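Here, each number is a calculation from the coordinates, and none is a lab measurement. Treat the numbers as computed from the prediction; the structure is a model and nothing was measured.
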């Protein structure tokens, strides 16, 4: 079975045994779901003024490092 998260204009399903954590820091919302030590998934919502290309370039740089 699965659980459903809804909030901040998004929604998704995740496995029953996973936990959800959420932070809201000055216009940046981070939602993370994780299992007990094996996997995790995160989504970050930028709502205040960040240019999409800047965010994409930052993410690509992080993967390259």
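A few notes on this one:
- Rounded, prolate or oblate (a/c below 1.5 giving rounded, otherwise prolate when a/b exceeds b/c) for the chain by Cα gyration tensor: oblate
- Taking Cα atoms only, the orientation of helix 52-64 departs from the longest principal axis of the chain by about 70 degrees.
- Only helical runs count toward this figure. For the chain, summing -39,500 (n - 2.57) over DSSP H runs of n ≥ 4 and dividing by all residues gives -6500 deg cm²/dmol at 222 nm.
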